[in-house]
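> Supplied in structure tokens, the structure appears directly below.
Read the figures in this text as sums done on the coordinates, not as results from a lab. Fair warning: this is a prediction, and the values are worked out from it, not measured in the lab. Every residue, glycine as well, gets a Cβ built from its backbone with ideal geometry; the counts of neighbours run over all protein chains shown.
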Amino acid sequence: MDTISVLHYDAFTKIKGKGNPAGIVLQGDRYDDKQMQKIALHVGFNETSFVLPSKNTDFCIRFFTPGHEMNLCGHATIATVYALKTKGLLPNKKQITIETRAGVLPVSIEERDGITYVKMKQVPAQFKSFQGSVAKLAEAIGLNEDEIDKELPILYGSTGVWTLIIPIKALVSFNKMKPCNKMFPEVLSEIPTASIHPFCLETNYEKSSMHGRHFSSPYSGTIEDPVTGTASGVMGAYYSKYIDTDAMKNQIIVEQGQEIGKDGEVVVEVKRQDHVIDVEISGTAVYVDEFTVNLLEK
């Protein structure tokens, strides 16, 4: 019981060492909240997921950063479902539902050219206004204020987890970014626990629609999330609401991780009906290794 087996998968990539790493504990019901948190701290990834039984869905997933529990995590969901499917633990299952702290979410599984892809529905998008100092916000991510695109709104967005979406004029600014995460709560006074997610419409790859980076809340115990599923979902909703405003449906590709050698992509599908923006994200994953952590270690 003191030694826990953790699976390491990289999500939103087919290549080991790229994308976003997720730790996965398959028998999560063996551990209480404090133990899960300690395991996640030992693992050290942006998120570790714990699979538990559920009375009303196929299973439950709980998500922990090294610092606290999250309501939802896109890349860890993709990685966990991919792991369960490829390990034969979801035989003949193409449509499932999962229980999360953000609610019950439908997930679909598809095989294309011998590769398993996972698509997850997120919570309908919400947006809230940012009323803080734009100059301080730019400083918090290591930029000058004039590098922020003032023609688009700076907004908090959520498809399950709140992040601040910041439009940036040019791709060249992303290599210059140096987050000062400890500044975030003061700058983000409306939602002090939010992360920060700058994006731009200039991309590295022709097929991509948007480029982003994701800087973690200081409460999470991490600095940057390489390729972010929930924030990519918010980016897709933002794209539909504020950029391609005439289209009721959008499919976009979000690229992320290039600046830190973690190249990955998230496919985002958005549907707008009346005032509701529904978002699905999809991607694949790759098995990296299996390791153990010991709860008795400090």
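> How long is the gain from E202 to M248 if the chain were fully straight, where each residue apart is worth 0.36 nm and the alpha carbon distance is subtracted?
Values: separation 46, 0.36 × 46 = 16.56 nm, distance 2.28 nm.
Once the chain is fully extended between E202 and M248, it gains 14.3 nm.
> Please give the FRET efficiency for S189 paired with K34, using the beta carbon to beta carbon distance and R0 = 30 Å, rounded to the nearest 0.05. Present the calculation step by step, with values, prior to reporting the outcome.
Working: r = 31 Å, r/R0 = 1.02.
For S189 and K34, the calculated efficiency is 0.45.
> Something else about it: Taking the alpha carbon gyration tensor of the chain, what are the square roots of 5 times its eigenvalues, largest first, to the nearest whole Å?
Numbers: eigenvalues 175, 98, 61 Å².
Listed largest to smallest, the semi-axes of the chain are 30, 22, 17 Å.
> With a 10 Å radius around each residue's Cβ, average the other Cβ atoms per peptide and rank 160-167, 237-244, 57-64, highest first. Show your work: numbers first, answer last.
Numbers: 160-167: 24.8, 237-244: 19.6, 57-64: 21.6.
Result, highest mean first: 160-167, 57-64, 237-244.
> Please arrange V227, V118, V172 by how many other C-beta atoms lie within 10 Å of their C-beta, fewest to most.
Working: V227 33, V118 24, V172 11.
Taking fewest neighbouring Cβ atoms as first place, the list is V172, V118, V227.
> If you average the sequence gap of Cα pairs under 8 Å that are 6 or more apart and divide by the length of the range 153-298, what percent do you get for the contact order?
Working: 272 pairs, mean separation 25.9, N = 146.
Computed over the range 153-298, the figure is 18 percent.
> What are the radius of gyration and Dmax of the range 126-282, computed over its Cα atoms and given in Å?
Rg, Dmax (Cα atoms, Å): 14.3, 40.
> What is the order of H75, H197, H211, H68, fewest Cβ neighbours within 10 Å to most?
Values: H75 34, H197 25, H211 22, H68 14.
With the fewest neighbours first, H75, H197, H211, H68 line up as H68, H211, H197, H75.
> Per residue, how big is the convex hull of the range 196-245 when only Cα atoms are used? Give it in Å³.
On the way: hull volume 4.2 nm³, N = 50.
It is 84 Å³ per residue.
> A further question on this structure: With both bridge residues required to lie in the range 126-282, what share of the DSSP beta bridges run antiparallel, to the nearest 5%? If you can, show how the numbers build up before the last one.
Working: 28 of 36 bridges.
So the antiparallel bridges amount to about 80 percent of the total.
> Estimate the FRET efficiency between D146 and D274 by the formula 1/(1 + (r/R0)^6), using the beta-carbon distance for r and 35 Å for R0, to the nearest 0.05. Walk me through the numbers before you get to the answer.
On the way: r = 37 Å, r/R0 = 1.06.
It comes to 0.40.
> Could the peptides 86-98, 127-139 be put in order, highest first, of the mean number of other beta-carbon atoms found within 10 Å of their residues?
Numbers: 86-98: 12.5, 127-139: 15.1.
Those peptides, ordered most packed to least, come out 127-139, 86-98.
> While we're here: With 10 angstrom as the radius, rank C180, C200 by how many other C-beta atoms surround their C-beta, starting from the fewest. Could the numbers behind the result be given before it?
On the way: C180 14, C200 21.
With the fewest neighbours first, C180, C200 line up as C180, C200.
> For F291 and K16 in one chain, what is 0.36 nm times their gap in residues minus the Cα-Cα distance, to one decimal in nm? List each step's numbers first, then the result.
Numbers: separation 275, 0.36 × 275 = 99.00 nm, distance 1.55 nm.
Between F291 and K16, full extension yields 97.5 nm more.
> Let me ask you something else. Write down the Å³ per residue value for the convex hull defined by the alpha carbon atoms of the range 140-230. Walk me through the intermediate numbers first.
Working: hull volume 9.4 nm³, N = 91.
Roughly 103 Å³ of hull volume per residue.
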